[in-house]
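Colleague: Following this message is one structure expressed as structure tokens.
The values are calculated or read from the model by the stated rules, or taken from the named source; none is laboratory data. Computed from a prediction, not measured in an experiment: that's the story for all the values here. All Cβ positions, glycine included, derive from the backbone under ideal geometry; neighbour counts span all protein chains shown.
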Amino acid sequence: MRRIDPAPLGRVTPPPSFGPAPDLRWVPIAELVVDPRYQRDIGPKSLKHIRKIAEGFDWRLFSAVVVSPVAGGRFAIVDGQHRTTAAAAIGVDQVPCQIIHAEEGMQARAFAAINGNTIAVSTIQRYRAALHAGELEAMRIRDLSAAGHVRLLTSIPSKQNVKPGDTVAFGAVKRLCEAFADAEATFIFSCLRAAAKKPGDFLRQETITATHAAFLENRDWLGLPVVRRGFLSIDQEELFRSSREIAAREEGMTIRDVMQATIEETVSETLQEEEAA
């Protein structure tokens, strides 16, 4: 056994406020609610996970559910929706809770912080929570992609409800926004939208990362209308299929490498045609 020893951290500057201290108590499950604006949906994988918790239920494996008071004398679950559902499924009527006192935005921030390193929570779910919390980075990502007519979704719809320019590739969109200034990122998103042709097909992560790389190599393209016209001649689904076939044949080539090279070739040809006209 060893004691807690913060000495290796050296000097630590504490925040100006620690926020209100939480309470600990047992709360009836009937008084617990879920806020869908930042909480994850319960899908087939979640149901499988909940069943596993329920069938192996043991209080020694059950950590306190993090909740926050909301209107009507109820408590919104910040963390613990799955284990609470599992408890309810086997007839448990109350669970131990850590009650934090937080407004809606802080509840979403707490959800994102608690689940930030949990594999079961997707990047899209954390993005949705960050938006609800009013985090500036998340709002910038949403606004820049929307200005380029790309819609970064906060949940995954059925295929028939996917529109051209819809994407769930949060990581790729985030990296693009980090690498370029606002106007540059918006222009790139507008080019990506030009290449996304068909309803039902998400704007692919590979398309975004390949386009990102192409613009890093060709910053003089930024803002040129002719470059967007070049992307209009690209169909991302055809580009992906042909790039996958080439990458499978060419050792050391990735799909993204082939897609980037094709994008650069297509746009360069469009620029040459513009100059010759």
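Colleague: Please find, among 233, 190, the residue that is assigned by TED's automatic domain parsing to the domain that holds residue 171, over 26 Å from the mean Cα position of the chain (by Cα) and within 19 Å of residue 164 (Cβ to Cβ).
Modeller: On the way: 190 fails: over 26 Å from the mean Cα position of the chain (by Cα).
Going through 233, 190 in turn, the sole match is 233.
Colleague: Another question, if that's okay. Of the residues 270, 209, only one is over 26 Å from the mean Cα position of the chain (by Cα) and buried (at least 16 other Cβ atoms within 10 Å of the Cβ); which?
Modeller: Working: 209 fails: over 26 Å from the mean Cα position of the chain (by Cα).
Within the list 270, 209, the selection yields 270.
Colleague: Check every one of the helices (runs of 4 or more DSSP H) wholly within segment 39-121 and list those with 3 or more residues that are crowded, with 18+ Cβ neighbours inside 10 Å and at pLDDT below 90. Break it down into steps so the answer makes sense when it comes.
Modeller: Values: elements: 44-55, 81-89, 104-115.
The helices (runs of 4 or more DSSP H) meeting that bar are 104-115.
Colleague: Which one of these is surrounded by 15 or more Cβ atoms within 10 Å (Cβ to Cβ) and at pLDDT below 90: 180, 202?
Modeller: On the way: 180 fails: at pLDDT below 90.
The match here is 202.
Colleague: Would segment 151-173 turn up any residue that is more than 30 Å from residue 106 (Cβ to Cβ), assigned by TED's automatic domain parsing to the domain that holds residue 232, surrounded by fewer than 20 Cβ atoms within 10 Å (Cβ to Cβ) and at pLDDT 95 or above?
Modeller: no
Colleague: Kindly check whether there is at least one residue in segment 36-49 that is touching a residue at least 12 places away in the same chain (Cβ under 8 Å) and touching a Gly at 6+ places or on another chain (Cβ under 7 Å).
Modeller: Checked segment 36-49: no residue is touching a residue at least 12 places away in the same chain (Cβ under 8 Å) and touching a Gly at 6+ places or on another chain (Cβ under 7 Å).
Colleague: Here are 15, 36: which of them is assigned by TED's automatic domain parsing to the domain that holds residue 79, loosely packed, with under 12 Cβ neighbours inside 10 Å and within 21 Å of residue 102 (Cβ to Cβ)?
Modeller: Numbers: 15 fails: assigned by TED's automatic domain parsing to the domain that holds residue 79.
36 is the lone residue from the list that is assigned by TED's automatic domain parsing to the domain that holds residue 79, loosely packed, with under 12 Cβ neighbours inside 10 Å and within 21 Å of residue 102 (Cβ to Cβ).
Colleague: Among the residues of segment 227-255, which ones are in contact (Cβ under 8 Å) with a residue 24 or more places away in the chain, assigned to a helix (DSSP H, G or I) and charged (D, E, K, R)?
Modeller: 228, 229, 237
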